[in-house]
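The values are calculated or read from the model by the stated rules, or taken from the named source; none is laboratory data. Everything quoted here is computed from the prediction, not taken from an experiment. Glycine also receives a Cβ, built like all others from the backbone with ideal geometry; neighbour counts cover every protein chain displayed. What goes into the accessible areas is simple: the full protein's heavy atoms, side chains included, and nothing from ligands, DNA or RNA. Shrake-Rupley method; radii C 1.70, N 1.55, O 1.52, S 1.80 Å.
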Amino acid sequence: MTRRRRQSKSTSTSESYLTAVVANAAGEIVELEGFAAVGMAGPLRLPLTVRQARPIPHGSEFMFLPDRCPVVFDIDAGELVTLHENPYAPGEPVFPVAAFNSPGYVITWLCCYEENAGADFLPLFSYGAVGWHGEGFYTAVQQVDRERRQDLRLMPRKKVEGGVRHFQKQMPANRLRRHLEKCALEYGCPAAKNFFIGRCEAPLPTAPACNARCLGCLSLQKDSPIPCSQDRIDFTPAPEEIAEVALAHIERVPDGVVSFGQGCEGDPLLAAEAIEPAVRLIRRQTDQGTINLNTNASLPETVARLFDAGMNSMRVSINSLREACYAAYFRPQGYHFADVMGSIEEALARGGHVALNYLNLPGFTDTPEEYAALAAFLEERPIQLIQWRNLNYDPLRYYAAMDAVAAHGTPMGVAQLLKRVKKRFPNLKHGYFNPSLTP
Ligand code: SF4
């Protein structure tokens, strides 16, 4: 999408407002002076100022929202307006523009829009509010992690290709290595690139199957109008193949992290028959590195076995600490919310590091009911970290799915939610990435 040009109607613009931006049918971004960008959080609509936003982080992308009308704030009239055409070019259709922000930034206000009749689902991205101020785009986010783990500027293609050639020689028969090559070179997966470059965290996908049916699953959208963003791995590597890749990474990055449970697979707990012996093989060779499991934590006994085998940390994906809202999103097959809580207890009882992969959506996560459930959970289970992840799912459809199963009061705002959690749980860490636990 390219910025086209400024269009203005009056002189009395308020300096601190973010100027609204919309897209025309050609995908060009048009700045509408005299109109302010509006943030959405459930029923809330807020004209945005620079105080609620920051310059858009490097690597963020602009999203064009088809079959929808942008909602902006007419500064002169002092009112919200749903735009069905360009106010400066009558008859010219305009579309909402949103920001898909880089890792490490949690969305505080969503792009505000209204759906046209018959609109399709939006694809699996997050849709942050964006506007223009001074000489650049601004977006309504808060930084929760300063680590440049997935900063693409630190992953030059040449370096990745060099690493690919290196491991082709070092482990020619390793199927997992071959799968990661495709992830790095074709899908552009930052985690796979980091393996070949030898930095931070390496991925260990193992599971073709899953026992959940998340509404926003990136790797499987069955009987769904939403396209999934990547194919699932279709085999489970042998324990020796897993250990070989993991050890190669830990040898190069002693404080590195190796993680089961990636976007290109189901849930690793369903591949524990391969993972448990692999973890034992790794720990027989080294006590370095952090072995992490990204999971839906559905199988407490399996979680206990993996920590006993030498795993160090677990990140539990969760959209809500209220069972009804959890079930409406994860659609568990053969397990229950209580099992997820049981897995967390097993991990904490073994001294494991536990993080929530907290799927955040302004207008839902920052409601009083969600906050109360989160606080009650944290009181009972003193986990170490919340990873604030922007939910990659159609916001209005998500609200509808959650409203169908539970009541929601007025959102407090994600910035306020973060403040309250930090104040009430001062020992709890906040971030985005799986931490290295190597001292
Ligand atoms: S737990 Fe993961 S793999 Fe399973 S359905 Fe949910 S997003 Fe997909």
Please count how many residues of segment 189-215 are open to solvent by 10 Å² or more (accessible area, probe 1.4 Å) and either within 12 Å of the ligand (Cβ to nearest atom) or closer than 18 Å to residue 59 by Cβ (or both). 15
When you look at residue 356, is it within 16 Å of the ligand (Cβ to nearest atom) and in contact with a Lys or Arg (Cβ under 8 Å, 6 or more places away or on another chain), yes or no? yes
Would you mind stating whether residue 186 is surrounded by fewer than 18 Cβ atoms within 10 Å (Cβ to Cβ), more than 16 Å from the ligand (Cβ to nearest atom), part of a helix (DSSP H, G or I) and free of Cβ contacts under 8 Å to residues at least 60 places away in the same chain? yes
Residue set 424, 420, 350, 389; condition open to solvent by 60 Å² or more (accessible area, probe 1.4 Å) and either within 30 Å of residue 252 (Cα to Cα) or assigned by TED's automatic domain parsing to the domain that holds residue 103 (or both); output residue 350
I want to confirm something. Restricting to segment 165-214 and keeping residues that are over 21 Å from residue 275 (Cα atoms) and of a type in the set (A, V, I, L, M), which single residue is nearest to the chain's Cα centre (by Cα)? 184
Considering segment 25-37 alone, what residues qualify as being open to solvent by 10 Å² or more (accessible area, probe 1.4 Å), closer than 14 Å to residue 98 by Cα and part of a strand (DSSP E or B)? 28
Of (1) modelled with pLDDT of 95 or more; (2) touching a strand residue (DSSP E or B) at 6+ places or on another chain (Cβ under 8 Å), residue 197 satisfies every one except (2)
Checking residue 142 against (1) outside any strand (DSSP E or B); (2) in contact with a helix residue (DSSP H, G or I) (Cβ under 8 Å, 6 or more places away or on another chain), only one condition comes out false. Which one? (1)
Tally of residues being among the hydrophobic types (A, V, I, L, M, F, W, C), surrounded by fewer than 23 Cβ atoms within 10 Å (Cβ to Cβ) and over 30 Å from residue 222 (Cα atoms) across segment 328-347: 0
Please identify the pairs in which a residue from segment 220-238 that is not assigned by TED's automatic domain parsing to the domain that holds residue 280 has its Cβ atom under 7 Å from the Cβ atom of a residue that is part of a loop (DSSP other than H, G, I, E, B) and modelled with pLDDT under 80, counting only partners at least 6 apart or on another chain. none
Can you tell me which residues in segment 270-299 are in contact (Cβ under 8 Å) with a residue 40 or more places away in the chain, within 16 Å of the ligand (Cβ to nearest atom) and not hydroxyl-bearing (Ser, Thr, Tyr)? 270, 271, 275, 292, 294, 296, 297, 299
Breaking point among (1) under 17 Å from the mean Cα position of the chain (by Cα); (2) in a helix (DSSP H, G or I), for residue 435: (2)
Could you please find all residues in segment 143-179 being under 27 Å from residue 54 (Cβ atoms), in contact with a Phe, Trp or Tyr (Cβ under 7 Å, 6 or more places away or on another chain) and either open to solvent by 60 Å² or more (accessible area, probe 1.4 Å) or not polar (S, T, N, Q) (or both)? 144, 145, 147, 149
Out of all the residues in segment 224-268, which are part of a loop (DSSP other than H, G, I, E, B), away from the ligand (no atom under 16 Å from the Cβ) and over 21 Å from residue 186 (Cα atoms)? 225, 238, 253, 254, 255, 256
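Could you count how many residues in segment 53-69 are outside any loop (DSSP other than H, G, I, E, B), within 24 Å of the chain's Cα centre (by Cα) and closer than 16 Å to residue 96 by Cβ? Outline the logic, then answer.
First pass over segment 53-69, keeping only residues outside any loop (DSSP other than H, G, I, E, B): 54-55, 61-64, 68-69.
Among the residues that remain, those that are also within 24 Å of the chain's Cα centre (by Cα) are: 54-55, 61-64, 68.
Next cut, closer than 16 Å to residue 96 by Cβ only: 61-64, 68.
Looking only at that region, the number is 5.
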Please find, among 379, 370, the residue that is in a helix (DSSP H, G or I), among the charged types (D, E, K, R), open to solvent by less than 50 Å² (accessible area, probe 1.4 Å) and over 18 Å from residue 39 (Cα atoms). 370
So the check is Cβ under 6 Å with 6+ separation or different chains; which pairs have a first residue in segment 319-334 that's on the phi < 0 side of the Ramachandran plot and part of a helix (DSSP H, G or I) and a second one that's open to solvent by 10 Å² or more (accessible area, probe 1.4 Å) and within 15 Å of the ligand (Cβ to nearest atom)? 323/337; 326/337; 328/401; 329/215; 330/214
